1. Mind telling me which of the residues B:THR467, B:THR448, B:THR516 ends up being surrounded by fewer than 24 Cβ atoms within 10 Å (Cβ to Cβ), of a type in the set (Ser, Thr, Tyr) and more than 24 Å from the chain's Cα centre (by Cα)?
2. Could you give me the residue pairs with C-beta distances under 8 Å whose first residue belongs to the range B:150-165 and is surrounded by fewer than 22 Cβ atoms within 10 Å (Cβ to Cβ), whose second residue is in a helix (DSSP H, G or I) and of a type in the set (S, T, N, Q) wherever it lies, and which are 6+ apart or on separate chains?
3. When the range B:215-244 is examined, which residues are found to be surrounded by 15 or more Cβ atoms within 10 Å (Cβ to Cβ) and either acidic (Asp, Glu) or touching a strand residue (DSSP E or B) at 6+ places or on another chain (Cβ under 9 Å) (or both)?
4. Return the residues of the range B:711-738 that are under 43 Å from the mean Cα position of the chain (by Cα) and either part of a loop (DSSP other than H, G, I, E, B) or not β-branched (Val, Ile, Thr) (or both); say none if nothing qualifies.
5. Hey, can you tell me all the residues within the range B:169-187 that are touching a residue at least 24 places away in the same chain (Cβ under 8 Å) and facing chain A (nearest Cβ under 7 Å)?
6. Could you tell me whether B:GLU261 is closer than 19 Å to B:PRO101 by Cα and either surrounded by fewer than 17 Cβ atoms within 10 Å (Cβ to Cβ) or at pLDDT below 90 (or both)?
7. Of everything in the range A:13-32 that's assigned to a helix (DSSP H, G or I) and in contact with a Leu (Cβ under 7 Å, 6 or more places away or on another chain), which residue is nearest to the other protein chains (Cβ to nearest Cβ)?
8. Please determine whether any residue of the range B:146-168 is more than 8 Å from every other protein chain (Cβ to nearest Cβ), touching a Pro at 6+ places or on another chain (Cβ under 8 Å) and either modelled with pLDDT under 85 or closer than 30 Å to B:ASP273 by Cα (or both).
Amino acid sequence: MTPAIDEKTPRRIVVVFGGGTADARIAGVLASLVSRREDELAGVFLEDRGLFRLAELPFALELSRVTTTSRPLMTRELERQMKVQALRAERALRDVAERAGSAWSFQRHRGRLASALASLRDADLLLLGALRGALASSSERGATASLFRSREAERTRPVAVLCDPIESSDRALGAGIRLAEKTGRGLIVFLPVDASASFHEIQRTLQSAQLPRAAIRAVERAALLGSVRRAAPAILVVGAGETGFEEPRIGVLQKELRCPIVVVR
Amino acid sequence: MSGPRELPVAALYRSCDPRTLDFETTEELPDLDHLVAQNRATQAIQLGASIAQKGYNLFVLGQEGTGRHTLVKQYLEQKAAQEKPASDWCYLNNFDESRKPDVIPLPSGRGRALAEDMAQLIDDARAAIPAAFESEDYRTRRESIESELQEEQEAAFEEVSKRAKERGIGIIQTPTGIAFAPIRGDEALGPEEFNQLPDEERERIVKETEEVGKELQAVMRQAPKRVREARRRVRELDREIALWAVGSLIEELTQKYAAHEPVVAYLQRVSEDIVGNIGLFRSSPEDRSPMQELFGGLIPGDQTRESPATQRYGVNVLVDHEGTTGAPVVFEDNPTFQQLLGRIEYVSQMGALVTNFLLVKAGALHQANGGYLVVDARKLLSQPFAYDGLKRALQSRELRIESLGQAYSLVSTVSLEPAPIPLSVKVVLIGERLLYYLLQSLDPEFSTLFKVAADFDDEVDRSEENTQLYARLLGTLAKRNSLRPLDRFAVARIIEEGAREAGDGEKLSARIRPVTDVMREADFWAQKAGADVIGIGEVEEALAGRVQRNSRIRDRVQEEILRETLLIDTAGKQVGQVNGLAALQIGEFRFGRPTRITARVSLGSGKVVDIEREVELGGPIHSKGVFILSAYLAATYSSDEPLSLAASLVFEQSYGGIEGDSASCAELCALLSALAGAPIDQSFAITGSVNQRGEVQAIGGANEKIEGFFDICRARGLSGSQGVLIPTSNVKHLMLREDVREAVEQGQFHVYAIDDVDQAMEILTGVPAGRPGPDGAFPEGTYNHRVRARLADFATKRRELGKEPGAGP
């Protein structure tokens, strides 16, 4: 199988920030992936247009996530909060880039993920935080439960690789191995049963990587998403589809999982 | 009254006959396990060491070098060997209040074993606890709690979400919370679309949005309760798993230490505490913050490098008696406050000084607890607060470790207050007599804490038995110091030197150290000569070497006398001038020096002026001697009328202080010579004090004084008439040098024993003293007659002067 990540070719890594604590986590993942001056980092802070439309409604209310008190949702306030979170994301990206000595850029994008992805087709790696905005997903519903997680439990969460039968999966596996090594986490490779032909090859790759904790789980495609969710990975690595970063596939993953996603082209 | 007595050679030196020593070399002699004739001190030490009551500590007093340390060490070590070993003491973490560490005693040697067992337990727990917490069982049960919580949350949220969706309301995340919006399909309704809705629809949407908001609010408010409940369940699970993981380890130790109740109780507390602090065993280096890494001040190998678990459950073996037998005997050479009472050490962490129970360090009192502590009194008293700290510990009978800053309220930072340790120790202070008497008079607590004084004699009787014991002592010292054995001639010579050191032919010095030094030096000469045994020659060489090394000042003084810078006559006759003798001590070397004493008389009011006293160079004892002269003159020669003379006495060319009354006889002779006009033969020197009856009394340093005058005479050439007058009571002290004895034997030098001043004057002036007749008058031609006549003449003249016109009453 192809080694982890081609260490020689300069890469363009795109990070999509969505605000909140997930941004810090994705910056951590980014730091584990970037180690070369040649890498080029591009940060995109995604602002949900729907939110602004909502804020224009006269009766729009917002419940504080911490205190659960309700307050009016104001456009100006929303703008300011977005700006603060974008600045924070930009700072996190800059820190990672400066440590690696890489070139970096940052922009705010108001719209949907699909429109943002459309402008990032030349990226080699795509990092996505947990989705925010749009209609609250199961990831949001589990947010309060995540408060409960201990630091230790957080540390033991593995890196997950979803090995679809696509050409970029071997690179996704390489990236997953690299992340597991860098972060000291275990690695779980999810393999749809329709792609189980590559089981032995993946096994050999994992053996040669000599990771202390690595496992392969072959799962029915229908149960794949649920299995990944139950594994509660710290990071999910997937390969990009034949047509690039298909928003529907990534969108589903983002909605259903509570972890950063690395998409490898 | 008998006449003056010229002493024969035999009286000048009490030799030790080697024939009385029934051995060839000291190698044949059995070791001496006690000191010679120190029974009083020995018994006191035995008594003090044996009484267990409070306050029966010992003060061993005596001159330095008398074997105090040796005897104390020897006796205490023998006694302690028969006693039961002292306890080990361990400081342990106090889980309720870590500032106040607990302390437990353990039988000798068990402290270290407990420490090792606890270290092993920590190691085992460090492996067992993470393994237990990584087990499938634990993970599954924990995840099921998490999953249950998540499901509950999701179910509640889903319910709200579902109802909201039915009402056409969607839930949307904002940067800081959750908002609600009317939806069409998957899109939120915009303001334009909303405004196009009929009024009733808009009102419904607003109302529904508010209701959904309230429902969600209710669900979200339940969330913390659910989380708390889940946390409680996880804590219980953690407790169960931890107990399972360490339970067997603790149980094993509990059985091992079943006989030691404090240890069992401690293990129980450890078990409970581990359950509440399992994080200590599950933490990894990742938990150390970069700040800690940067400023931790943690040095590899340092105790603080210990893991948090070790810092919490380790054992500080404060006192470890493993491998020892009997009670401890501790000699503390550096009795500072901290060395005696222990200390609390600190380490730098994050720029601050911190400490814990593992950094509590024992002092000498801890080490000696249950046994004996021997301390040099002078060193103890010269260390700030050490004596007070020792007394406090002895009074309270417990050892509290605190810093000086704490003890004297100089610092107010939070520190440790280790639990006090019961103290049962016998303290032996060794010091000089002066210190003992000063402490007794100045410190009221001293007598209550040091009830037993062991007073070492400076000298012992030179009896036949003691001489034999002394020989054995020399043999023992030779063996103990790895020296060659001494033959009996050498032993005899050292015994003689012991008497000389004591300044008494009938005594032996009890100071062992100078004797040992002579033996060491003699051994050196024997080695140089290739001899297997130290002989008398090597001893003589050693003794001569010691004199030669120390006699620079004596030689300079004698040189100045011979060069007549210092005026001393050794021939001829002078009125009112006599050779007195002074003894000087420079370090360990003592020597005699002749001093010219002169007296001048004239008519006066009966006052004898001591010029030394007038210029404040004379000490009080010297002045006392001069006042005695006045009394003697008045009582002997002028009992019927006022003494009408003015006399002055002076130590010529004396520029330092003069103390003692050993020259008072010489001063009286000079005065009588001046009054009688009888010249004194300068071939003589005289020493001795005198009382009001004219009796001559003993003085110190007789040997050195005689030798001092002899050296000058010999250097100028012995005339055959020169000699020294000493009090008869000093004859027993004589241990004169061989060269002096030889000169006396050949009639070239003389030593006279005198009992009173008349005998002295007869020898010095050659004029008979004369005894008063029945009428109290002295016979004519005697010096006493001349003195009385002169004083009568002064009295007459004074009376006549008093009758002259204008004279006072």
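The values are calculated or read from the model by the stated rules, or taken from the named source; none is laboratory data. For clarity, every value in this text was computed on a predicted model and none was experimentally measured. As a convention, Cβ positions derive from the backbone with ideal geometry for all residues, glycine included, and neighbour counts pool all protein chains shown.
1. So the residue among B:THR467, B:THR448, B:THR516 that is surrounded by fewer than 24 Cβ atoms within 10 Å (Cβ to Cβ), of a type in the set (Ser, Thr, Tyr) and more than 24 Å from the chain's Cα centre (by Cα) is B:THR467.
2. B:GLU154/A:SER138; B:ALA156/B:GLN222
3. Across the range B:215-244, the qualifying residues are B:GLU215, B:LEU216, B:GLN217, B:MET220, B:ASP238.
4. Hits for the range B:711-738 are B:ASP711, B:PRO727, B:SER729, B:ASN730, B:LYS732, B:HIS733, B:LEU734, B:MET735, B:LEU736, B:ARG737, B:GLU738.
5. Residues satisfying the conditions are B:ILE171, B:ILE178, B:PHE180, B:ALA181.
6. Answer is yes for this residue.
7. The residue in question is A:SER32.
8. Yes, some residue in the range B:146-168 is more than 8 Å from every other protein chain (Cβ to nearest Cβ), touching a Pro at 6+ places or on another chain (Cβ under 8 Å) and either modelled with pLDDT under 85 or closer than 30 Å to B:ASP273 by Cα (or both).
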